[in-house]
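Worksheet: one structure, shown below.
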Amino acid sequence: MPTEMPTQVRHALARQGHVIARSQAIGLGLDVETVRNHARYGDWQRLAFGVYADFTGTPGREAQLWAALLRAGPGAVLSHWTAAERHGLVDRPSTAVHLTVPAERHPARWAVIPGAVIHRSRSLDQAIHPAMAPPCTRVEHTVLDLIEVSATFEEAYDWICRAVGRRRTTSVRLGEAMATRPRMRWRQDLELAFGDAKDALSVLERRYVRGVERAHGLPTARRQARVWQGTGNRYLDNLYEEYRACVEIDGAAAHPADEQWRDKDRDRWNAVHYKIDTIRIGMPGLRTAQDQCATAADVAMWLSSRGPVTGRPCTREGCPVPARDCGSNA
């Protein structure tokens, strides 16, 4: 057997986690018999049909991912949960390797790729990260892909919070990526979650006033109440003065860490200096009538621990808000 490997083959192995496809190796200068001998004599180990590693022993994660990609063929990229793993959106590797291929290709029909899940896309070119290896979808498109397969909006919302909260992207970039997709689940709600809609916060505030407070006969808060907080005035979204309680509406899906700490500092100042406790309500608590009912029930119970509260169920069947006295524990 020859001891020298063609330069292009060596470079391909170095780029691909020491994994190579048989067709690729032949195309880069190895003859068919040499490839067979490498596999026959144990120089290479087979990771999938027609895909080999040039080392012995258990393949690591990088080699596993390259093996799945090379078996899937040209144009395949890591996506969904596996791309989330590569972008740091999850803390554990996905059980299956998720791949996306161009829509016109159907590798699942002819290729058995153990442990892999194949997705197809008609707009894969704009979703591919320009520099990552192994090839992977951009973080924004990874989030959108995961939103598309989420069972609930709450699950979808969590992906937005992870991506923005972990500083992997911004809500603006997510909105821009979504604009390239003609079809997208929960588009209007996602625009609110991204904060891209010009009146995103006012929409949520309106849902709180109309869908939570008024619809359920809860006490009326003072809106944009001004309080002094050491270095200047701050405005509280919904101050229930009688109860020493405040409800803040968070308009975007997630804030950078410094914004989160500012919110916490304000809440702490209010609790220490004014004895005002704060709860924060975001998009998931105000999205649908059912969500608003559940939020109203929680707010009623919370306020009732601080003083007498009256409320009523709204017109929606199954509304959990009790009629009249919500149960004062004061």
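Considering only region 113-127, I want to know if a residue exists there that is over 30 Å from residue 178 (Cβ atoms), more than 31 Å from the chain's Cα centre (by Cα) and either in a loop (DSSP other than H, G, I, E, B) or outside the structural domain of residue 6 (by TED's automatic domain parsing) (or both).
No: zero hits.
Do we have any residue at all in region 88-110 that's in a helix (DSSP H, G or I), touching a Gly at 6+ places or on another chain (Cβ under 9 Å) and not assigned by TED's automatic domain parsing to the domain that holds residue 19?
yes
Can you find, within region 11-56, the residue that is nearest to residue 67 (Cα to Cα) among those that are aromatic (Phe, Trp, Tyr) and either more than 39 Å from the chain's Cα centre (by Cα) or buried (at least 21 other Cβ atoms within 10 Å of the Cβ) (or both)?
52
Any chance region 281-295 includes a residue that's more than 21 Å from residue 206 (Cα to Cα) and surrounded by 14 or more Cβ atoms within 10 Å (Cβ to Cβ)? Reasoning before the result, please.
We begin by selecting, within region 281-295, every residue more than 21 Å from residue 206 (Cα to Cα); these are none.
No, region 281-295 has no match at all.
Given the criteria among the small types (Gly, Ala, Ser) and either within 14 Å of the chain's Cα centre (by Cα) or closer than 20 Å to residue 100 by Cα (or both), does residue 171 qualify?
Working: among the small types (Gly, Ala, Ser): yes; either within 14 Å of the chain's Cα centre (by Cα) or closer than 20 Å to residue 100 by Cα (or both): yes.
Spelling it out, residue 171 is indeed among the small types (Gly, Ala, Ser) and either within 14 Å of the chain's Cα centre (by Cα) or closer than 20 Å to residue 100 by Cα (or both).
Do we have residue 172 as assigned by TED's automatic domain parsing to the domain that holds residue 88 and surrounded by 17 or more Cβ atoms within 10 Å (Cβ to Cβ) here?
For residue 172, the condition - assigned by TED's automatic domain parsing to the domain that holds residue 88 and surrounded by 17 or more Cβ atoms within 10 Å (Cβ to Cβ) - is not met.
Does residue 221 satisfy the condition of being at pLDDT 90 or above and more than 32 Å from the chain's Cα centre (by Cα)?
Judged against the criteria, residue 221 is a match.
Where the second residue is surrounded by 12 or more Cβ atoms within 10 Å (Cβ to Cβ) and part of a helix (DSSP H, G or I) and the first is in contact (Cβ under 8 Å) with a residue 40 or more places away in the chain and lies in region 22-42, which pairs have Cβ atoms under 9 Å and are six or more apart or on separate chains?
Here the result reads 24/9; 24/12; 24/70, each pair linking region 22-42 to a residue that is surrounded by 12 or more Cβ atoms within 10 Å (Cβ to Cβ) and part of a helix (DSSP H, G or I).
Quick check on residue 294: is it touching a residue at least 12 places away in the same chain (Cβ under 8 Å) and under 26 Å from the mean Cα position of the chain (by Cα)?
Yes.
Under the condition of being closer than 18 Å to residue 247 by Cα and in contact with a strand residue (DSSP E or B) (Cβ under 8 Å, 6 or more places away or on another chain), which residue from region 305-323 is surrounded by the fewest Cβ atoms within 10 Å (Cβ to Cβ)?
Start the filter on region 305-323 by keeping residues that are closer than 18 Å to residue 247 by Cα, which leaves 305-311, 321.
Those still in the list that are in contact with a strand residue (DSSP E or B) (Cβ under 8 Å, 6 or more places away or on another chain) too: 306, 308-311, 321.
On the way: 306: 16, 308: 14, 309: 25, 310: 16, 311: 25, 321: 24.
Taking the candidates together, the pick is 308.
Can you find, within region 76-93, the residue that is nearest to residue 166 (Cα to Cα) among those that are surrounded by 17 or more Cβ atoms within 10 Å (Cβ to Cβ) and of a type outside the set (A, V, I, L, M)?
Result: 87.
For residues that are on the phi > 0 side of the Ramachandran plot and surrounded by 18 or more Cβ atoms within 10 Å (Cβ to Cβ), tally how many sit in region 57-72.
0
Of the conditions (1) within 22 Å of residue 139 (Cβ to Cβ); (2) outside any loop (DSSP other than H, G, I, E, B), residue 71 satisfies every one except a single condition; which number is it?
(1)
When region 1-10 is examined, which residues are found to be surrounded by fewer than 12 Cβ atoms within 10 Å (Cβ to Cβ) and either under 38 Å from the mean Cα position of the chain (by Cα) or in contact (Cβ under 8 Å) with a residue 40 or more places away in the chain (or both)?
First, the residues of region 1-10 that are surrounded by fewer than 12 Cβ atoms within 10 Å (Cβ to Cβ): 1-4, 7.
Matches in region 1-10: 1 only.
Looking at this structure, is residue 159 surrounded by 15 or more Cβ atoms within 10 Å (Cβ to Cβ), touching a Leu at 6+ places or on another chain (Cβ under 8 Å), of a type in the set (Phe, Trp, Tyr) and modelled with pLDDT of 90 or more?
Yes: the conditions hold for residue 159.
The values are calculated or read from the model by the stated rules, or taken from the named source; none is laboratory data. Because the structure is predicted, anything quoted here is derived from the model rather than measured. With ideal geometry, Cβ positions are generated from the backbone for all residues, glycine too; neighbour counts draw on all protein chains shown.
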